[in-house]
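First up is the structure itself, then whatever we jot down about it.
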Amino acid sequence: MMDAIKMHEVTQKFGAVTAVEQLTLAVQEGEIFGLLGPDGAGKTTIMRLLAGLLTPSAGEAWVCGFHTLSDVEALRNHISYMPQRFGLYLDLTVQENIDFYADLYNVPQTIRKEKIPELLAFSNMTAFRDRQARNLSGGMKQKLALACALVHTPKVLFLDEPTNGVDPMSRRDFWRILGKLLEEKVTIFVSTSYLDEAERCDRVGLLYKGRLILAGRPAEIKAKMNGVLLEIRCSAPRTVLPLLKAVMQPRSAGLFGNKIHLVAMGEAAQVEADLKEKLRELDIQGEVAVITPSLEDVFISMLTTGESGD
């Protein structure tokens, strides 16, 4: 299987700021690849580089076999880029927005007659085809933006935090639609700050300060957790957290909702026993359990300890 996306030692600088640093990455055809990282990590810059909208300071990239600089015009016929603020026209209806993007991409009328009803049904928007975009909910606007991005049948779809600020039900609908696209062998490159969404990806990359610190299948990344992950349920976890940090000297520790997640080195049973003993010494009532790490646990642990992947 050939690579749909390939980046080789790509660096992007804006003045004195390095937004992306020597990034080498490959994404296979028909794969969904999730790019994870905090705000300012470089996710949007990478999207814009791959869409041929930025000239890299160093390195090269190819999408669908087209060079992102020398073949940019040909490239744009095979990709679609949905930025965080997609250009919907609020005074146009759902149907008119899709028609407008079909015009932009010179989609023939014969293809539109089949494609547009298919996209409306695909995104559950058929009943809203005559509604102005301004009167759609946030989730429906995102689904309309996706329909517009798909009107010319791209081979690679770039989505920059497509569900940011969207309600949980609409997020689930959006990912259901992406799952259908994978059945059609569309390659999807998506950035997200929701680590639960990353579990749905074939592979993910953890990005921090412009550097790719780790990439692989979600299960592979979780297996790279260095240490034992313990979950502590107690009252006043914000008060308990600094106390545990002081007495346990963990690799990392932080709040996860109303619980504490703590990473410590050693054999699991012994680490658990030591933590329970420390809670007794501190006269803290709580429950302790060794748990399987999530992607979020691994990512936070790496950022806290300054660890990086090879």
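Amide H contacts of residue 19 (H built 1.01 Å from N, in plane; Pro and chain starts excluded): 12, 13, 14 sit under 5 Å, all sequence-distant by 5 or more or on other chains. Ordering 273, 285, 242 by Cα displacement along the dipole of region 226-292 toward the positive end leaves 242 in first place; charges were set at the Cβ atoms of Lys, Arg (+1) and Asp, Glu (-1). Going through (i) 19.2; (ii) 23.8; (iii) 21.5, the figure that equals Kirkwood radius over Cα pairs in Å as computed for the structure here is (iii). Taking the alpha carbon gyration tensor of region 226-292, multiplying each eigenvalue by 5 and rooting it gives semi-axes of 16, 13, 11 Å, largest first. The 3J(HN,Hα) values that the Karplus relation (6.51, -1.76, 1.60; θ = phi - 60°) gives for region 270-285 are, in residue order, 5, 4, 4, 5, 4, 5, 4, 5, 5, 5, 4, 4, 8, 6, 10, 7 Hz. Gly and Pro appear as x. Helix 295-305 axis versus longest C-alpha principal axis of the chain: approximately 60°, rounded to the nearest ten. Taking the C-alpha atoms only, the angle from helix 138-150 to the longest principal axis of the chain is near 50 degrees. If you average the alpha carbon positions of region 33-52 and of region 133-196, how far apart do those two centres end up, in angstrom? Between the Cα centres of region 33-52 and region 133-196 lies a distance of 16 Å. Taking label points 7 Å from Cα along the Cα-to-Cβ direction, residue 106 and residue 283 give a separation of 7.9 nm. A simple rule links phi to the HN-Hα coupling: the Karplus curve 6.51 cos²θ - 1.76 cosθ + 1.60 with θ = phi - 60°, which for region 61-77 gives 9, 10, 10, 6, x, 9, 5, 6, 10, 6, 10, 4, 5, 5, 4, 5, 7 Hz, with x for Gly and Pro.
Database remark: amide H of residue 159 closer than 5 angstrom to the amide H of 82, 189, 190, 191 (H placed geometrically; neighbours at sequence offset of 5 or more, or on other chains; Pro and chain starts carry no H). Residue order for 148, 201, fewest other beta carbons within 10 angstrom first, comes to 201, 148. Against the main long axis of the alpha-carbon atoms of the chain, helix 237-248 sits at an angle near 60°.
With respect to the cross-link table entries 141/259; 13/115; 185/259; 222/245; 6/180; 6/259, which display a Cα-Cα separation exceeding 32 Å? All intermediate terms of the calculation are to be shown ahead of the outcome.
Values: 141/259 35 Å; 13/115 40 Å; 185/259 40 Å; 222/245 23 Å; 6/180 24 Å; 6/259 40 Å.
Checking Cα-Cα distances, 141/259; 13/115; 185/259; 6/259 exceed 32 Å.
Projecting the Cα atoms of 133, 152, 254 onto the charge dipole of the chain, computed from C-beta unit charges around the Cα centre, puts 133 farthest toward the positive end.
About the Cα centre, and with charges only on the beta carbon of Lys, Arg (+1) and Asp, Glu (-1), how big is the dipole of region 226-292? Nearest 20 debye, please. List each step's numbers first, then the result.
Working: 8 positive and 8 negative charges, 55 e Å.
Using Cβ point charges on Lys, Arg, Asp and Glu, region 226-292 gives about 260 debye.
Only Lys, Arg, Asp and Glu carry charge here, each on its Cβ (+1 for the first two, -1 for the last two); on that basis the chain has a dipole of about 500 debye about its Cα centre. In order along region 113-126, the phi-based Karplus estimate (6.51 cos²θ - 1.76 cosθ + 1.60, θ = phi - 60°) of 3J(HN,Hα) comes to 4, 9, 5, 5, x, 5, 5, 5, 5, 4, 9, 6, 10, 4 Hz; Gly and Pro are listed as x.
At R0 = 45 Å, how high is the FRET efficiency between residue 268 and residue 57 if r is their beta carbon distance? Nearest 0.05 is fine.
Working: r = 46 Å, r/R0 = 1.01.
That gives a FRET efficiency of 0.50.
Taking amide hydrogens as placed 1.01 Å from N in the peptide plane, the amide H of residue 252 sits under 5 Å from those of 263, each at least 5 positions away in sequence or on another chain.
No value in this document is a laboratory result; all are computed from the given coordinates. Keep in mind the model is a prediction, meaning the values are calculated, not measured. Methodologically, a virtual Cβ is constructed for each residue, glycine included, from the backbone with ideal geometry; neighbour enumeration extends over all protein chains shown.
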